[in-house]
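Visitor: Structure provided below as structure tokens; questions to follow.
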Amino acid sequence: MLIDLDVVPAERERVRATRPVAYVVVAVAALALLLLGGSAVLPRGAGVVEVLKADGTGLSAGLLTTEATYIVRADGQIEATPLCAGCPAWSAQITTGQRLRMGDGGTLVVDENEAGVVTFLDARTGAVLWSRSGFPIVELVGGRVAEWSPDDGMLRLRELRTGRLFWQRPAEAFVGDDKRVVLLDEGRAAVYAADSGRELTGWRDLGVRGELRFFSPGTAAAQIVGERLIVFDAQQVAAFRLDGLQGEWLTPVVSPFGMAACGGGLLCAIGFEGLTVLDPASGKVRWRGPQWRTLAGGRVLTDENGRSARVDVATGRIEHDFGRGRPIDHLLFYPEGNRTTLVGADDGRVRGVIPRVTPDACQTAGDLLSCLRYDLTVTVWRIKP
């Protein structure tokens, strides 16, 4: 989760210089220097190239990959538009959804809709592989599907492409990674192997003051970070070794709503009181930044006024102040007038200029950028090195 903490859309467009070329280049460079306080230099060959423009009318969910852009529409039409020769190109009719994800083996997962149906499709052909109804909550865990049913409170691990059941256990909530699934129930937890369902650690009382805060049925305020289970509520963050669920530390943190591993192997908590950076081994607070509100890419922070910076997470020292730029993956967006300047978060250099877009309607994949634009088109650009 982005902490925002990890998220998620995208868009880009080519700027075609007419005449006079020299004045266009100077104008773009001047704009970049104005936005970035003179810190960015337009490198040779900078720019973006438009790869595709598609109809975005009625879009309810979209996904960009290096091979295709996938669009789900409000009427349940889902389309794959290729971005290379021989890449996926198809259209299918399903139940619409607000979330579209890619699982292992090229499996598309469409969920979050009023019908309470999850649909699994072959990403290359568009064939519907299987589906589940009854408003299940599904997450991709270790190449499998973890499906929690609100009807019977049962967690089921299924094969991603067929829906074949591997194992099931009752639980109120769960979190998982590639190897393990942790079941949670009223302050207790148990750990199971994701592949076989073998019990690794039986039910243990975590002994955390207060109650686990459930954001929604099936999901809890808990995350697996490395070899630890991190549990948090409105006042504290606690860590438990996954091997045995022995408590390691408990640290007061006000109102965290997301946790994530961040630069240098540290643990970042983002909440309504800002950022708290913890040592995952001891729980000791390294530093706090009450002004920071979101974290992207493990190192780019954005404050309450919309200013972003690349930060040394170990110390809190600002390495590069980006000003009022909105980070999306490895890029920062600077909307100004009818255009948006793109800047690399790694080096602060201008990558190019595209028509004005809303950064939250954009996503990236490799060297590609995709955005749903104001004219209801989905445009894909290739960012030149």
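Visitor: Tyr374 passes all but one of (1) closer than 26 Å to Leu100 by Cα; (2) open to solvent by less than 30 Å² (accessible area, probe 1.4 Å); (3) of a type outside the set (S, T, N, Q); which number fails?
Guide: Condition not satisfied by Tyr374: (2).
Visitor: Sticking with this one: For segment 80-188, give me every one of the strands (runs of 3 or more DSSP E) that falls completely inside it and has 1 or more residues that are closer than 29 Å to Arg228 by Cβ.
Guide: Result: 99-103, 107-111, 137-141, 144-149, 154-159, 165-170, 173-176, 180-185.
Visitor: Taking Thr294, is it in a strand (DSSP E or B), in contact with a strand residue (DSSP E or B) (Cβ under 6 Å, 6 or more places away or on another chain), among the hydroxyl-bearing types (Ser, Thr, Tyr) and modelled with pLDDT of 95 or more?
Guide: no
Visitor: So Arg326 clears everything in (1) out of contact with any Pro (no Cβ under 8 Å at 6 or more places or on another chain); (2) surrounded by 15 or more Cβ atoms within 10 Å (Cβ to Cβ) except one condition, right? Which one?
Guide: Only one criterion is unmet by Arg326, namely (1).
Visitor: Taking segment 253-283 on its own, how many of its residues are within 12 Å of Arg228 (Cα to Cα), open to solvent by 40 Å² or more (accessible area, probe 1.4 Å) and under 18 Å from the mean Cα position of the chain (by Cα)?
Guide: Selection size over segment 253-283: 1.
Visitor: Right, another one. In this structure, is Gly103 open to solvent by less than 30 Å² (accessible area, probe 1.4 Å), in contact with an Asp or Glu (Cβ under 9 Å, 6 or more places away or on another chain) and not hydroxyl-bearing (Ser, Thr, Tyr)?
Guide: no
Visitor: Of Gly47, Gly37, which residue is open to solvent by less than 30 Å² (accessible area, probe 1.4 Å), at pLDDT below 95 and at positive phi?
Guide: Just a single option satisfies the conditions, and that option is Gly47.
Visitor: Within segment 226-247, work out how many residues are within 27 Å of the chain's Cα centre (by Cα) and in a strand (DSSP E or B).
Guide: 11
Visitor: Further, regarding this structure: So Val118 clears everything in (1) open to solvent by less than 10 Å² (accessible area, probe 1.4 Å); (2) farther than 21 Å from Gln77 by Cα except one condition, right? Which one?
Guide: Result: Val118 fails condition (2) only.
Visitor: Name the residues in segment 61-100 that are within 19 Å of the chain's Cα centre (by Cα), among the polar types (S, T, N, Q) and open to solvent by 50 Å² or more (accessible area, probe 1.4 Å), would you?
Guide: Thr66, Gln98
Visitor: In segment 140-155, what residues are surrounded by fewer than 18 Cβ atoms within 10 Å (Cβ to Cβ) and among the charged types (D, E, K, R)?
Guide: Asp151, Asp152
Visitor: So, one more: What are the pairs, 6+ residues apart or on separate chains, where a residue within segment 86-97 that is farther than 16 Å from Leu59 by Cα has its Cβ under 7 Å from a residue that is open to solvent by less than 30 Å² (accessible area, probe 1.4 Å)?
Guide: Cβ pairs passing all conditions: Cys87/Ala68; Pro88/Ala68; Pro88/Ala80; Pro88/Ala123; Ala89/Ala80; Trp90/Ala80; Trp90/Gly126.
Visitor: Within segment 301-321, can one find any residue that is crowded, with 20+ Cβ neighbours inside 10 Å, among the small types (Gly, Ala, Ser) and under 22 Å from Cys84 (Cβ atoms)?
Guide: No, segment 301-321 contains no residue that is crowded, with 20+ Cβ neighbours inside 10 Å, among the small types (Gly, Ala, Ser) and under 22 Å from Cys84 (Cβ atoms).
Visitor: Let me ask something additional. Can you work out which of the residues in segment 248-286 that are part of a strand (DSSP E or B) and of a type in the set (Val, Ile, Thr) is modelled with the lowest pLDDT?
Guide: Out of the qualifying residues, it is Ile270.
Visitor: Only one residue in Asp375, Asp347, Asp321 is at negative phi, modelled with pLDDT under 90 and over 20 Å from the mean Cα position of the chain (by Cα). Which one?
Guide: Residue meeting the stated conditions: Asp347.
Visitor: Follow-up question, since we're still on this one. Are there any pairs, at least 6 apart or on different chains, whose C-beta atoms fall under 6 Å, with the first in segment 114-126 and under 21 Å from Trp148 (Cβ atoms) and aromatic (Phe, Trp, Tyr) and the second open to solvent by 10 Å² or more (accessible area, probe 1.4 Å) and part of a strand (DSSP E or B), and if so, which?
Guide: Within 6 Å, the pairs are Phe120/Leu129; Phe120/Trp130.
Visitor: Ok, one more. If I ask for residues that are within 22 Å of Ile137 (Cβ to Cβ) and touching a helix residue (DSSP H, G or I) at 6+ places or on another chain (Cβ under 6 Å), which ones from segment 219-275 would you list?
Guide: Selection gives Gly258, Ala260.
The values are calculated or read from the model by the stated rules, or taken from the named source; none is laboratory data. These numbers come from a predicted model, not from an experiment. Neighbour counts are summed over all protein chains in view; Cβ atoms, including those assigned to glycine, are modelled from backbone coordinates with ideal geometry. Note: areas computed on protein heavy atoms with side chains; ligands, DNA, RNA excluded. Shrake-Rupley method; radii C 1.70, N 1.55, O 1.52, S 1.80 Å.
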